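> Encoded as structure tokens, here's the structure I'll be asking about.
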Amino acid sequence: MQRIISCDDHMDISTLPPDLWTARLPARLRDAGPRVRDGFWTIGDTRIWRSGGVDPRLPNAIVRAGLPDDGYRPSTPELRLADMDQDGVEGSVIYGPITGLTPAAMRDAELRHACHRAYNDWAADFNATAPGRLCVLAMLPADDPAAAAAEVERVASGGHRGVQLGHFEAATPIHDPAWEPLWAACAATGLPLSFHLIGGTYLLHIKPGSWEMAAFAAVAPMQLDEVLSAVVMSGILERHPRLRVVLGESGIGWVPYVLERMEAELDKYADRIRDHRPSLRPTELFRRQVYVTFEEDRLGVGLIPHLGADNCARLYALGAGGTA
């Protein structure tokens, strides 16, 4: 029987155990950290997102599967494994919450970094329930490249097998030299670095219950085009040939076009570039070090030969997949 590994499931903040941060943060930071009040995750007096329950305005794989759920089923490893068994899925790569642990919501850098460590430690314990099957990615602080690199080294020693960076939350652009320690840490530890779709739009926004939600979801994957162009063209991949970059929930239909555009524009501007010119073609760098994931992408499937089958992986809307 063929083994199926789902490459992009979710652990949304609403599904996390309500005591995750109150139980795991250092005592002196606990009162200022995220906590659940009146059914919502809050930081200080600010509501971040609901805790538990199901939002009827959003698609939910568990509801579609007809499974009982109080909102916390995806963060209960035994139930998640049972749902994976029902779906015929052997292993699951799981992307974490992307809400709340940002400078905008939490000004204290020490607190933010401690919250990342607490989440990653909880995720390591979750994965340890079935190490060969569960892979919640560690989340990296995006406000401090040195702290992100240090967290890569820490979680690698704790058994994590991949990390996730919120590029739109980055204090400096990811192609800035300040991020060199992160690329080096990921290359040295062998942990793939994932960038997941979120934000990047200026006309359309996440608005549950509105047409705008569907419109945003339709174009959000293509906002990863800048990440792809940056890591390929800036020299990041060439300087760190062991670095592996994953574009989470990117889709694939747009990727061959962007690679073709990169090659054409590189040729056009080659004599005018004064800082860095890739010694390898963008498509070569992509095939060597970049991986993309897709869900439903009928046009994209036909373009896989242009990308390389080993560089493309499918995600599945699992019963355990939160709002996937």
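The values are calculated or read from the model by the stated rules, or taken from the named source; none is laboratory data. As the structure is a computational prediction, the values presented were derived from the model and not from experiment. Cβ coordinates were reconstructed from backbone atoms using ideal geometry, including for glycine residues, and neighbour counts include every protein chain displayed.
> Going by what's in this entry, would Pro97 be described as outside any helix (DSSP H, G or I) and either modelled with pLDDT under 95 or closer than 22 Å to Gly162 by Cβ (or both)?
Yes: the conditions hold for Pro97.
> Consider Ala264 against the criteria (1) of a type in the set (Gly, Ala, Ser); (2) in contact with a helix residue (DSSP H, G or I) (Cβ under 7 Å, 6 or more places away or on another chain); (3) exposed (fewer than 13 other Cβ atoms within 10 Å of the Cβ); (4) modelled with pLDDT of 95 or more: it satisfies all of them except one. Which criterion is unmet?
In the conditions (1) of a type in the set (Gly, Ala, Ser); (2) in contact with a helix residue (DSSP H, G or I) (Cβ under 7 Å, 6 or more places away or on another chain); (3) exposed (fewer than 13 other Cβ atoms within 10 Å of the Cβ); (4) modelled with pLDDT of 95 or more, Ala264 misses (2) alone.
> With the structure loaded, tell me whether Arg80 is without any contact (Cβ under 8 Å) to a residue 24 or more places away in the chain, at negative phi and not in a strand (DSSP E or B) or whether it fails that test.
Here the answer is no, as Arg80 does not meet what is asked.
> Tell me which residues, restricted to region 165-184, are assigned to a helix (DSSP H, G or I), hydrophobic (A, V, I, L, M, F, W, C) and either touching a Cys at 6+ places or on another chain (Cβ under 8 Å) or within 17 Å of His116 (Cα to Cα) (or both).
Those that are assigned to a helix (DSSP H, G or I), hydrophobic (A, V, I, L, M, F, W, C) and either touching a Cys at 6+ places or on another chain (Cβ under 8 Å) or within 17 Å of His116 (Cα to Cα) (or both): Phe168, Leu182.
> Specify the residue that is surrounded by the most Cβ atoms within 10 Å (Cβ to Cβ); the eligible residues are those in region 129-154 that are out of contact with any helix residue (DSSP H, G or I) (no Cβ under 6 Å at 6 or more places or on another chain) and closer than 13 Å to Arg117 by Cα.
Restricting to residues being out of contact with any helix residue (DSSP H, G or I) (no Cβ under 6 Å at 6 or more places or on another chain) and closer than 13 Å to Arg117 by Cα, the top hit is Leu137.
> Filter region 120-131 for residues that are within 13 Å of Pro17 (Cβ to Cβ) and touching a strand residue (DSSP E or B) at 6+ places or on another chain (Cβ under 6 Å) and give the result.
Those that are within 13 Å of Pro17 (Cβ to Cβ) and touching a strand residue (DSSP E or B) at 6+ places or on another chain (Cβ under 6 Å): Ala123, Phe126.
> Ok, one more. Part of a strand (DSSP E or B) and at pLDDT below 95: which single residue out of Ile62, Ile5 fits that description?
Going through Ile62, Ile5 in turn, the sole match is Ile5.
Okay, residues lined up against (1) touching a residue at least 40 places away in the same chain (Cβ under 8 Å); (2) farther than 21 Å from His196 by Cβ; (3) touching a His at 6+ places or on another chain (Cβ under 8 Å); (4) among the charged types (D, E, K, R):
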position: Ile5; (1), (2), (3), (4): yes, no, no, no
position: Thr15; (1), (2), (3), (4): yes, no, no, no
position: Asp19; (1), (2), (3), (4): no, yes, no, yes
position: Ala27; (1), (2), (3), (4): no, yes, no, no
position: Arg30; (1), (2), (3), (4): no, yes, no, yes
position: Val36; (1), (2), (3), (4): no, yes, no, no
position: Phe40; (1), (2), (3), (4): no, yes, no, no
position: Gly44; (1), (2), (3), (4): no, yes, no, no
position: Asp55; (1), (2), (3), (4): yes, no, no, yes
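> Something else about it: Being surrounded by 13 or more Cβ atoms within 10 Å (Cβ to Cβ) and modelled with pLDDT of 95 or more: is that true of Leu224 here?
When the stated conditions are applied, Leu224 passes them.
> Continuing with this model, one more query. What are the residue pairs meeting all of these: first residue in region 199-221, first residue surrounded by fewer than 13 Cβ atoms within 10 Å (Cβ to Cβ), second residue part of a loop (DSSP other than H, G, I, E, B), Cβ atoms under 7 Å, and 6 or more apart or on different chains?
Every condition considered, the pairs that remain are Pro208/Asp55; Pro208/Arg57; Pro208/Leu58; Gly209/Arg57.
> Same structure, new question: Tell me the helices (runs of 4 or more DSSP H) entirely within region 188-267 that contain at least 2 residues that are more than 18 Å from Ile98 (Cβ to Cβ), under 18 Å from the mean Cα position of the chain (by Cα) and not small (Gly, Ala, Ser).
So the answer is 225-233.
> A follow-up question, please. Against the definition (touching a strand residue (DSSP E or B) at 6+ places or on another chain (Cβ under 9 Å) and either surrounded by fewer than 17 Cβ atoms within 10 Å (Cβ to Cβ) or under 26 Å from Gly190 (Cβ atoms) (or both)), how does Ile273 come out, yes or no?
Against the criterion (touching a strand residue (DSSP E or B) at 6+ places or on another chain (Cβ under 9 Å) and either surrounded by fewer than 17 Cβ atoms within 10 Å (Cβ to Cβ) or under 26 Å from Gly190 (Cβ atoms) (or both)), Ile273 does not qualify.
> Any residue in region 98-118 that is among the basic types (Lys, Arg) and in contact with a Leu (Cβ under 7 Å, 6 or more places away or on another chain)?
Within region 98-118, one or more residues are among the basic types (Lys, Arg) and in contact with a Leu (Cβ under 7 Å, 6 or more places away or on another chain).
> Find all pairs meeting these conditions: Cβ atoms under 8 angstrom apart; at least six residues apart or on different chains; first residue within region 115-130 and more than 11 Å from Arg24 (Cβ to Cβ) and modelled with pLDDT of 95 or more; second residue small (Gly, Ala, Ser) and assigned to a helix (DSSP H, G or I).
Phe126/Ser75
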